[in-house]
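Accompanying notes for the structure given below.
The values are calculated or read from the model by the stated rules, or taken from the named source; none is laboratory data. Worth saying up front: this structure is predicted, and the values here are computed from it rather than measured. Note that each Cβ is placed from the backbone with ideal geometry, even for glycine, and that neighbours are counted across all protein chains shown.
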Amino acid sequence: MAAPPLDGELPPVPNINPWNGSPPGPAAVESLDDAWQVALDVDQRIAASRWNANSASSTLAAAEAERFPALKMGGTYYALSDQPTFSATLPAPLSSSIEMPFLNSSGVGFQAMVNQPIYTFGRITHGINAASEGVKANEADCERTVLDVKMNVADIYVSVLRVYRLIEVVDSKVVSLESHARDVGGFFEKGLVPKNDLLAAQVALANARQEALQIHNMLQVANAAYNRALGRTLDSPVHLAEVQTKEFPNDINQLTQQAMQLRPELAALSSQSRALREQAASVRAKKAPQIGVQGGYAYLENDYVDPNGMAVVGVGLQWTPIDSGRISNQSAALNEKAEATVRLFRDAQSMVALEVRQKWLDLQTALHRVEAVRPATAQADENLRVARDRYQHQVGTNTEVLDAETLRLQAYTNFYNSSYEAVLADLRLRRAVGNL
């Protein structure tokens, strides 16, 4: 059995699982890029991270709106237990006191005021900058979620491909042992071999069929996991193409440098640190004078005042020179959080460098394993051919044939496992770099 290439479509897999239905007919083959596209459209984690990014954008819009005028309107109805009056005593020669009402005992009033900040000593500007960094942090978190989802889909995708290949191997073992069992049966009927050979061949065939059933069941589970990752019904048909790897730099230092620039986890921590510092500056600015212009119109129903409504305009100033340390401590707390985030960023940098190196070494090992086991498949095929030929000519034993078949199964299993481990190692390295 020659080793099939690792690119192109999967060959059809014989169906020996009694509960698996008929073999699927021709269907469109789905690539890993196709699977990623579907998963990114339906995954709930990505949807949640996008909503978080939208929330951060709304927060930024609210911070920017602080620069512009705000109109506040209000109205009231009042009722007093007594009517307010002015009391006055007239001088001599009248020498009498009088009382004059100045407000109705009940009435209505309303006002409309526009407030426009003029100068806030950076409170609004730093608030906008903090919200902007929050947007960047949430966008980076969304990118991280996308990479995680793509890596999860890739793991499942390659698992399906691996099981398909293992099915090919174990099914070929069943076919080979069926042929061998027929040969042994013919020899036994002619009295050329003992019954022991026939029983051993039949037991080996039964074990191979049982193994094939288990592998087919693994395929059903892998297909269900794949369909779940893509938001499909678990029993949807699955037809996958082999993974096509792309050209990728192999210099570990270059990959590490790329990771420092591309990893969204680092970008998120950096933005979080800057956002905290901007928040601290915005809070600190509250201690400085806050200057703004106010203008509007006020109306109060009053029979004793004319006019009842009037326009007003003025310049306002608010200043808190002494607050017993409230603002200073709030600003310090935010700066301290920023410093903590900086430390987390530095730790994450070292962890990313370690992860890139580890995944790079894993890929090198996997590639060397593929090259080491590749020749064994042809050797195992030849070993089985020689053992069966010797048995056909009555110069070899039944045990040699069964052992040769076991070795062939192991050789192809090792080859496919190492091949797909190399594929996964490449994808995991890309995820570690942030370029999946």
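A few comments on the model shown:
- Look at the range 278-291: where a residue is crowded, with 18+ Cβ neighbours inside 10 Å and a partner is among the hydrophobic types (A, V, I, L, M, F, W, C) and outside any helix (DSSP H, G or I), sitting 6+ places away or on another chain with Cβ atoms under 6 Å, you get Ala285/Phe121.
- Residues of the range 387-421 satisfying the condition of being polar (S, T, N, Q) and part of a loop (DSSP other than H, G, I, E, B): Gln394, Thr397
- Selection status of Pro84, out of contact with any Cys (no Cβ under 7 Å at 6 or more places or on another chain) and more than 30 Å from Trp319 (Cα to Cα): yes
- Restricting the range 299-348 to residues that are part of a loop (DSSP other than H, G, I, E, B) and β-branched (Val, Ile, Thr), the residue that is nearest to Glu133 (Cα to Cα): Thr320
This table checks each residue for (1) crowded, with 17+ Cβ neighbours inside 10 Å; (2) at pLDDT 90 or above; (3) within 16 Å of Gln410 (Cα to Cα).
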position	(1), (2), (3)
Asp171	yes, yes, yes
His180	yes, no, no
Asp183	yes, no, no
Gly186	no, no, no
Val193	yes, no, no
Ala201	yes, no, no
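- Top-ranked residue in the range 207-232 [being polar (S, T, N, Q), over 21 Å from Gln44 (Cα atoms) and touching a residue at least 40 places away in the same chain (Cβ under 8 Å); ranked as surrounded by the fewest Cβ atoms within 10 Å (Cβ to Cβ)]: Asn217
- Candidates Ser350, Ser324: the one that is among the hydroxyl-bearing types (Ser, Thr, Tyr) and at positive phi is Ser324.
- As for the range 222-244, it holds at least one residue that is within 30 Å of Gln364 (Cα to Cα), among the charged types (D, E, K, R) and in a loop (DSSP other than H, G, I, E, B).
- Among the candidates Ala212, Ala181, the residue that is more than 24 Å from Val386 (Cβ to Cβ) and of a type in the set (Gly, Ala, Ser) is uniquely Ala212.
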